[in-house]
Amino acid sequence: MIAADAAGMERAATALKAGELVAFPTETVYGLGADATNDKAVAAIYAAKDRPSFNPLIVHVTGRDAAARHAEFTPMADALAAKFWPGALSLVLPRRDDCSLSLLVSAGLDSVAIRVPAHPLAQDLLERAGCPVAAPSANRSGEVSPTTAEHVAHSFAGGAGGHALTILDGGPCRIGLESTVVHVEGDSATLLRPGGIAAEDIEAITGPLAHAVDDDHAPKSPGMLSRHYAPATPLRLNAEAARPGEALLGFGTAPADAARNLSPSGDLEEAAANLFAMLRALDDESHVSIAVMPIPKTGLGLAINDRLRRAATDAGGDT
Ligand code: TXA
Ligand code: MG
């Protein structure tokens, strides 16, 4: 844990720029941050949280203009940003085609959640780091969100998935409840997660919100929300070799004719970092199908297998 004085802030920003994990205070809860443009740094977040599936992450930026470099703003999104940013509102918006964010922050969705935190230390850190920062709540999977640096330290007392973790101590969080997550599509808005800003206050701008919240805070009706990226090319899982016309997506020691390899050394974090980009690249090459070698079902391998199974089911798809 380090103090949030000038030296501490500089250390934390340097760690972020180097692709390391930094836990930092926001006005809602502490976030577990990493450079949102760095696939490996984002994979480290998932490894540290130890989740069995990829949940999309909130990207933190300094302001609306920084946000607009990554996501498409409609007039409604702009009205919400003008009213509630900086603050406890995360907007889920379409990713811009030319955005530099890791595909992993969106966990395979064509949208991205963006927030401008109001906490002065969060703002200072973003300024110093100069990159967008992906940050879920800084707790391990299954625990409640941390509102003090001590909570974070306790959560990761057993380590952060083998990664260095810098914890910036900024005292207790003012709101203590996660941000409200609103999905904006054109001129309609859907409440994905209730949070620090009351739904009524948002409805004053959007009109009645559609609701799409389940126990896991995950979008309930993907049809009306962003779509999961599913390759148009069929996927065959647990393949040892490619059949004629197939492209082999390797893991570990793979046959010489493998089209790509998620991680030649069999490193699950490297595989997670490469997953979405390699699936897209193979999909663009018009193969008969994509054969994926077996991925161990441990650690991040659980999330990778979960995502591959969905992609296999949705292939050709619209969901
Ligand atoms: O207050 C907060 O929001 C804190 C601080 C650190 O900013 N962050 C936070 O992140 O609570 P996390 O990862 O614990 O929760 C993110 C929520 C999840 O419910 C996730 O499903 C949703 O936002 N989310 C993120 N991106 C999304 C997307 N593209 N589409 C739909 N839901 C998304
Ligand atoms: Mg959380």
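The values are calculated or read from the model by the stated rules, or taken from the named source; none is laboratory data. Bear in mind that the values here come from a model prediction, so they are computed numbers and not experimental data. In this analysis, Cβ positions are derived from the backbone assuming ideal geometry, glycine residues included, and neighbour counts consider all displayed protein chains. Surface areas here come from the heavy atoms of the whole protein model, side chains and all, with no ligands, DNA or RNA. Shrake-Rupley method; radii C 1.70, N 1.55, O 1.52, S 1.80 Å.
Listed values, structure above:
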quantity	calculated
Any hit, region 113-132, residues being assigned to a strand (DSSP E or B), touching a residue at least 12 places away in the same chain (Cβ under 8 Å) and over 23 Å from Arg64 (Cβ atoms)	no
Single residue of region 134-152 satisfying the filter (under 10 Å from the mean Cα position of the chain (by Cα) and either away from ligand 2 (no atom under 13 Å from the Cβ) or of a type in the set (A, V, I, L, M) (or both)) that is nearest to Cys173 (Cα to Cα)	Ala135
Pair list, Cβ < 6 Å and 6+ apart or interchain, from region 51-74 residues that are part of a helix (DSSP H, G or I) to residues that are within 10 Å of ligand 1 (Cβ to nearest atom)	Ala67/Ile114
Test: residue in region 230-244 that is on the phi > 0 side of the Ramachandran plot and modelled with pLDDT of 85 or more	yes
Complete set of residues in region 234-275 that are in contact (Cβ under 8 Å) with a residue 12 or more places away in the chain, under 29 Å from Ala48 (Cα atoms), open to solvent by 40 Å² or more (accessible area, probe 1.4 Å) and part of a loop (DSSP other than H, G, I, E, B)	Leu237, Asn238, Thr253, Pro264, Ser265
Conditions (1) more than 15 Å from ligand 1 (Cβ to nearest atom); (2) under 26 Å from Ile197 (Cβ atoms); number of the one not met by Ser100	(2)
Answer from Ala107, Ala88, Ala23 - the residue that is of a type outside the set (D, E, K, R), open to solvent by less than 30 Å² (accessible area, probe 1.4 Å), at pLDDT below 95 and near ligand 1 (Cβ under 10 Å from one of its atoms)	Ala107
